[in-house]
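J.: The structure under discussion is supplied below as structure tokens; questions concerning it will follow.
Throughout, read-outs are computed from the coordinates displayed, never taken from laboratory work. Keep in mind the model is a prediction, meaning the values are calculated, not measured. FYI the Cβ positions are ideal-geometry reconstructions off the backbone, even for glycines, and counts take in every protein chain you see.
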Amino acid sequence: MLKLAVYAFALLSFLVTPMVHASDEHNPLEKQYSPKFKQFPPPAPGSPPSYFTMEKNVVNFRGEGKAKFLAVDLKFMSYYPQVVAEEGEMEHLRPILKNNLDRVLRNQTYTNLSKPDGPDILREEILKEARKILEHHNIYPDLLEDVYITRFVMQ
């Protein structure tokens with residue numbers, strides 16, 4: 001009878017205890033995306049982000065009689081280093097990014113950029129344009145997490 005009770009307890013413990021396998025672990029940095037895009041191995045859980053830098057972006061812009069030059073330095077962030085690392089996908093797309101982002105910058109106005117949320121709106125436009133370029137080159141656009149303006153000068 002004691003054997004039966006021990007057996008029943010062991011069986012019940014087995015059924016109640018959740019089974020965890022390595023494949024069940026969720027990696028919060030891993031993105032699931034369509035196979036139509038270029039596939040990259042997911043970053044290890046807890047990996048720090050990587051950055052792609054575009055410095056010295058200086059353009060004439062619509063100064064409306066005031067500032068006429070806009071200078072910004074940018075850092076694009078991703079947890080997928082294959083996208084933003086030194087020899088990553090964005091490095092190969094640098095001339096296209098430079099061309100299209102300069103156009104975005106030239107289309108800004110002094111009035112809009114001098115508003116409190118002006119630089120944030122500009123960041124959104126830059127990120128949208130960069131993601132559009134990635135998607136056009138079969139790279140899942142949401143692998144690019146964010147863009148940061150590290151220098152912002154109007155004069």
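J.: Between Asn27 and Asp120, what is the label-point separation in nm under the 7 Å Cα-to-beta-carbon projection?
T.: 3.3
J.: Once you order the gyration tensor axes a ≥ b ≥ c over the Cα atoms, which shape class does the stretch 46-96 get: rounded for a/c under 1.5, otherwise prolate or oblate by comparing a/b with b/c? All intermediate terms of the calculation are to be shown ahead of the outcome.
T.: Values: a/c = 4.53, a/b = 2.48, b/c = 1.83.
In terms of gyration-tensor shape, prolate.
J.: What is the magnitude of the charge dipole of the stretch 50-154 about its Cα centre, with +1 placed on the Cβ of each Lys and Arg, -1 on the Cβ of each Asp and Glu, and no other charges, expressed in debye to the nearest 20?
T.: In total the dipole reaches around 620 debye.
J.: Output wanted: per-residue J couplings in Hz (rounded whole) for the stretch 90-104, from phi through Karplus 6.51 cos²θ - 1.76 cosθ + 1.60, θ = phi - 60°, x for Gly and Pro.
T.: 5, 4, 5, 9, 3, x, 5, 4, 4, 4, 6, 6, 4, 5, 4
J.: Could you tell me which of rounded, prolate or oblate describes the stretch 50-154, using a ≥ b ≥ c as the square roots of the eigenvalues of the alpha-carbon gyration tensor, with rounded for a/c under 1.5 and, failing that, prolate when a/b is larger than b/c and oblate otherwise?
T.: The shape class here is prolate.
J.: Highest first, please rank the peptides 28-38, 83-93 by the mean number of other Cβ atoms sitting within 10 Å of their residues.
T.: Going by the mean number of other Cβ atoms within 10 Å, highest first, we get 83-93, 28-38.
J.: If I take R0 = 25 Å and measure r between the Cβ atoms of Ala44 and Arg94 in this structure, what FRET efficiency does the formula 1/(1 + (r/R0)^6) give, to the nearest 0.05?
T.: Efficiency, from the Cβ-Cβ distance: 0.40.
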